[in-house]
1. Take segment 226-267 and flag every residue that is open to solvent by less than 30 Å² (accessible area, probe 1.4 Å) and assigned to a loop (DSSP other than H, G, I, E, B).
2. Of all the residues that make up segment 87-119, how many are among the β-branched types (Val, Ile, Thr) and part of a loop (DSSP other than H, G, I, E, B)?
3. Is there any pair linking a residue in segment 54-71 that is within 11 Å of the ligand (Cβ to nearest atom) to one that is β-branched (Val, Ile, Thr), with Cβ under 8 Å and at least six apart or on different chains, and which?
4. Tally up the residues in segment 159-213 that are of a type in the set (Ser, Thr, Tyr) and open to solvent by less than 10 Å² (accessible area, probe 1.4 Å), please.
5. Look through segment 332-349, keep the residues that are part of a loop (DSSP other than H, G, I, E, B) and open to solvent by 100 Å² or more (accessible area, probe 1.4 Å), and return whichever of them is nearest to residue 256 (Cα to Cα).
6. Looking at (1) in contact with a Ser or Thr (Cβ under 9 Å, 6 or more places away or on another chain); (2) away from the ligand (no atom under 16 Å from the Cβ), can you tell me which one residue 51 breaks?
7. For segment 125-142, give me each residue that is surrounded by 15 or more Cβ atoms within 10 Å (Cβ to Cβ) and either under 20 Å from residue 76 (Cα atoms) or within 15 Å of the chain's Cα centre (by Cα) (or both).
8. Could you please let me know if residue 122 is in a helix (DSSP H, G or I) and open to solvent by less than 80 Å² (accessible area, probe 1.4 Å)?
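The values are calculated or read from the model by the stated rules, or taken from the named source; none is laboratory data. These numbers come from a predicted model, not from an experiment. Please note: Cβ atoms are built from the backbone with ideal geometry, for glycine as well, and neighbour counts cover all protein chains shown. For the accessible areas, the whole protein counts, side chains as well, though only heavy atoms, and no ligand, DNA or RNA atoms are used. Shrake-Rupley method; radii C 1.70, N 1.55, O 1.52, S 1.80 Å.
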Amino acid sequence: MTKGIAPMDELSLFTLALGVSKPWQVVDLKFSKEQGRLDLWLDFQKGAKFPCPTCSETKEGDVHDTLDRTWRHLNFFQYETFLHARVPRIRCGQCGVKQVDVPWARPGSGFTLLFELLVLSLAREMSVAALAEMTSEHANRLWRILEHYVERARKAVDLSTFHQLGIDEFSLRKGHVYMTAFSDLDTSRVIFLGEGRKKGVVEDFFEDLRSRDVDPAQIEVVCCDMWDPYLNGIGKFLKKALVVFDRFHVMSQINQALEIVRRREQRENSVLKKSRFLWLKNPQNLTAHQETRLASLKSLDLKTARAYQIKLALARFWEIRDPAEAIAYLKRWYNWATHSRLEPMIRAA
Ligand SMILES: [Zn+2]
């Protein structure tokens, strides 16, 4: 005999396991080994009253009629599990006849909250296609769960103090698909993802801002790449915002120019072969061996070495903290770069 365990029938056990409480309880179950599924029927106790789902009427309403509903629940071991219930509709003094909320699912969903939670957790690590395969659900139904919660999370984001916009492109599927991320730079949070990197994507973003009651005029600063479709879109929607090109994008332009200089010079001077990364890497990231080689190359009278000095000088610009000094420095740098007789550097400057 087992001690300490109160006798409990199957139905009460499932009521407990599902976490439902009065007036709800499990009233029937059917387990089919052949079909690999478990069906549980929930019902409310006779004479139960329910609160109105839409208003704050304190008086609970009597059941008007019921609707049969089914929800997919977490598997019971390998068995797909479904909950069934007749969901009451009540007559509310203020709102009329309303379907009540059930504690195990959100309104309108064909899944229980626990099943949705499982999908949300797994979707962080798995593709929806894999998840659909694993749960034997149609991918579209799973997408609807994700869309619901993503939209809810987006609505909860407070954009009242949003004033610095970052725009960044990125690619998916090895560069075959481009996307644009719009973020709040103060909170480092992505607030909109747009498809593509054309002007239309900027328009989509402002359309989304409008739907979230955000006035574009509150954006004071935009940080983005030197990419015409973005700049055109910004010019259209943000006439007064300050456009900032960030260090990463500026340095990547100057690095590209430097590499063009090196490649051209390499055709005449083989000493530059296989030296590409020496010039492009940050000096502090070079290995001792690379440092020695770069030092010997720098001592030669090379166009690449001059372009490299121009690049390093530009990188030092971001170390200057005093605005007036920074402007003067940038002017001197520009003058130097544009008189370098290195065409790619002139164009980049
Ligand atoms: Zn009501």
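1. Residues satisfying the conditions are 238, 241.
2. 3
3. Going by the 8 Å Cβ cut-off, the qualifying pairs are 60/90; 61/90.
4. Final tally of qualifying residues: 1.
5. The extreme case among them is 341.
6. All conditions pass for residue 51, except number (2).
7. Hits for segment 125-142 are 131, 132, 135, 137, 142.
8. yes
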